[in-house]
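The values are calculated or read from the model by the stated rules, or taken from the named source; none is laboratory data. In this text the structure is predicted, and so the values were computed from the model without any measurement. Because the Cβ atoms are built from the backbone with ideal geometry, glycine has one as well, and the counts that use them run over all protein chains shown.
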Amino acid sequence: MKSFFAGIFIALLLTGCASLSEKKKERTLEQATIIYERSIRWGDFATAASFQRREGAATQPAVLPGNVSVTSYQQVNSRILADGNEVKITVRIDYYNSDTLKVVTLTDEQAWKYYPDETAWYITTPLPAFR
């Protein structure tokens, strides 16, 4: 009987550890996307580009056009893919273009991937294309 309860205790302990690991992974994603958002909003593309990992593709230059000011950055949708290591996020970005004197809205479809070796999330899609 003792071994039965010991088995249940170990199973619960392992389940709890998995839950803690998943929560840490979620917190890491949340922190990464917040820093990324702030970087885009304040025109710090160098910091935003530091979250970029595009396998087999050149990274985009970390330069925000001087005629652009981001006025709004809003996450519209997100979904976790089946393996839990990839997330698709849709963001609506409003920005002011001083050359055209217009506020422009773009939809940024982001793909984030978790790298367990680094315990970090990276964006695998290009940085937003401000025009």
(request) Only strands (runs of 3 or more DSSP E) wholly contained in region 76-131 count here; list those with 1 or more residues that are within 29 Å of Glu22 (Cα to Cα) and of a type in the set (Phe, Trp, Tyr). (result) 102-115, 120-123
(request) Please state which of the following conditions Asn97 fails to meet, knowing it meets all the rest: (1) closer than 12 Å to Phe130 by Cα; (2) at pLDDT 95 or above. (result) (2)
(request) Using the structure shown, decide if Phe9 is at pLDDT below 50 and either in contact with a Cys (Cβ under 8 Å, 6 or more places away or on another chain) or loosely packed, with under 10 Cβ neighbours inside 10 Å (or both). (result) no
(message) Can you tell me which residue is farthest from Ala48 (Cα to Cα) among those in region 79-121 that are in contact with a helix residue (DSSP H, G or I) (Cβ under 8 Å, 6 or more places away or on another chain) and not aliphatic (A, V, I, L, M)?
(response) Gly84
(request) Could you list, in sequence order, all residues of region 103-131 that are without any contact (Cβ under 8 Å) to a residue 24 or more places away in the chain and crowded, with 18+ Cβ neighbours inside 10 Å? (result) Asp108, Gln110
(request) Sort out which residues of region 48-69 are in contact with a Pro (Cβ under 9 Å, 6 or more places away or on another chain) and at pLDDT 65 or above, and write them in order of number. (result) Ala48, Ala49, Gln52, Arg54
(request) Return the residue satisfying two criteria in turn: it lies in region 36-47 and is surrounded by 14 or more Cβ atoms within 10 Å (Cβ to Cβ) and assigned to a helix (DSSP H, G or I), and of such residues it is modelled with the lowest pLDDT. (result) Phe45
(message) Report every pair of residues separated by at least 6 positions or lying on different chains whose Cβ atoms are under 6 Å apart, first residue within region 67-89 and in contact (Cβ under 8 Å) with a residue 12 or more places away in the chain, second surrounded by fewer than 13 Cβ atoms within 10 Å (Cβ to Cβ) and of a type in the set (S, T, N, Q).
(response) Asn67/Ser98
(message) Scan region 12-32 and tell me whether some residue there is surrounded by 10 or more Cβ atoms within 10 Å (Cβ to Cβ), among the acidic types (Asp, Glu), out of contact with any Cys (no Cβ under 9 Å at 6 or more places or on another chain) and modelled with pLDDT of 90 or more.
(response) yes
